[in-house]
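Q: Got a structure for you, written out below as structure tokens; questions coming shortly.
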Amino acid sequence: MRQWSILFKKEWIEMTRNFKILWIPLVFILLGIMQPVTSYYLPEIIKAAGELPEGSTFDIPVPSPQEVLVGTFGQYSQIGILVLVLAFMGIVAAEKISGVSDIILVKPVSFANYITSKWLSIVLMTIGSFLLGIIASWYYTGVLIGDIGFEELMKGSLVYGTWLVFLVTVTLLLSSLFKSNLLVALMSILVAIGLSAITSLLSKWMMWSPARLSTHASSLLLTGSPDKHFTLSLTVSILLILVLLVCATYFFAKKERAA
């Protein structure tokens, strides 16, 4: 346990030195604030930017607080996921290239401790940044548009956060398999886009998909309850996260022993 805690502490020191502990939460907070502000001031923005004929009128209804927060989820599904992938694409690969992992593993360090310490650090950073961002969005939505219950917000956010944890675990696995950061980033983004697209196109057969979690999270905010097969999707997602973590440890250990 002492070995694991030392490795975990090392990860946080590293994220502090390269300012990930600062800029990742800031990006999520800014994305969270942008959605309610943009939604509220959209008519004024269009009036200021558009060259409308004199006397013309238009009416853009202000969305409900729930719709604004669902829109925030949409921002995180695009820019947020990209930020996370770029931040963590080198979580293992960069240390393999620089030789840091070789220095660490010269000592009797458990491969499982090495991988799981990295996994928990990026999961905590991901969930922490996401929650800070969604709470910022919730606050400004309450100020500008209307209130929504904090408990209701947290239910949807924790479901959506599980989808983010799944994706960063995929990134960790790919980073343990490949040395190229660019390849890891490209494949991670393709997994996110591809799984979401397949789930949307084949929704009847993909009720178990982790990509369904974003839909369930939105439904929790809009209606107060998730869509059908929520338990199946959540259970499969958690099991896949565990499987991906085991695979990351196995393949990393196999490659290191063969080196």
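Q: Can you list the DSSP H helices in the chain whose Cα atoms extend at least 18 Å along the helix axis and whose mean Kyte-Doolittle hydropathy is -1.0 or higher?
A: 2-17, 20-49, 111-144, 150-177, 181-201, 230-258
Q: Can you give me the long-range amide H partners of ALA211? Hydrogens built in the peptide plane at 1.01 Å from N, cutoff under 5 Å, separation of 5 or more residues or another chain.
A: none
Q: Another question, if that's okay. Could you work out the mean projected area of the convex hull around the alpha carbons of the range 129-224, in square nanometres to one decimal? Write down the numbers at each step before the final one.
A: Values: hull surface 30.0 nm².
Average of the hull's projected areas for the range 129-224 equals 7.5 nm².
Q: On to the next question. Using the basic label-point model (7 angstrom from Cα toward the beta carbon), what is the LEU144 to LEU182 distance in nanometres?
A: 3.8 nm
Q: OK, next. Jot down the per residue volume, in cubic angstrom and as a whole number, of the convex hull over the alpha-carbon atoms of the chain. Don't skip to the end; give the middle numbers.
A: Values: hull volume 40.6 nm³, N = 259.
Taking the convex hull of the Cα positions in the chain, it is 157 Å³ per residue.
Q: Show me, bin by bin at 10 Å from 0, the whole-percent P(r) of the range 105-163 based on Cα pairs.
A: 20, 36, 21, 14, 8, 2
Q: Hey, how many Å between the Cα centroid of the range 187-205 and the Cα centroid of the range 91-166?
A: Cα centroid to Cα centroid, the span is 22 Å.
Q: When the chain is treated as a GNM, springs tying every alpha-carbon pair under 10 Å, which of SER101, SER214, SER196 comes out with the largest mean-square fluctuation?
A: SER101
Q: With 10 angstrom as the radius, rank LEU31, LEU244, LEU22, LEU69 by how many other C-beta atoms surround their C-beta, starting from the fewest.
A: Details: LEU31 22, LEU244 19, LEU22 11, LEU69 28.
Neighbour counts put them in this order, fewest first: LEU22, LEU244, LEU31, LEU69.
Q: A follow-up question, please. Please report VAL243, VAL106, VAL83 as a ranked list, fewest other C-beta atoms within 10 angstrom at the top and most at the bottom.
A: Numbers: VAL243 12, VAL106 8, VAL83 18.
Ranking VAL243, VAL106, VAL83 by Cβ neighbours within 10 Å, fewest first, gives VAL106, VAL243, VAL83.
Q: Going down the table (LYS96/LYS204; LYS155/LYS204; LYS155/LYS179; LYS10/LYS254), which pairs top 31 Å between alpha carbons?
A: Numbers: LYS96/LYS204 42 Å; LYS155/LYS204 25 Å; LYS155/LYS179 37 Å; LYS10/LYS254 23 Å.
Going by Cα-Cα distance, LYS96/LYS204; LYS155/LYS179 fall outside the 31 Å limit.
Q: Summing -39500 (n - 2.57) over the DSSP H runs of n ≥ 4 in the chain and dividing by its residue number, what mean residue ellipticity at 222 nm do you reach, to the nearest 500 deg cm²/dmol?
A: On the way: 11 runs with 202 residues, N = 259.
Calculated mean residue ellipticity at 222 nm is -26500 deg cm²/dmol.
Q: Still on this structure, I have one more. Can you list residues from other chains, or at least 5 along the same chain, whose modelled amide H is less than 5 Å from the amide H of PHE178?
A: Residues meeting the amide H criterion: none.
Read the figures in this text as sums done on the coordinates, not as results from a lab. Small disclaimer: the values here were computed from a predicted structure and weren't measured. Cβ atoms come from the backbone with ideal geometry, glycine included; neighbour counts cover every protein chain shown.
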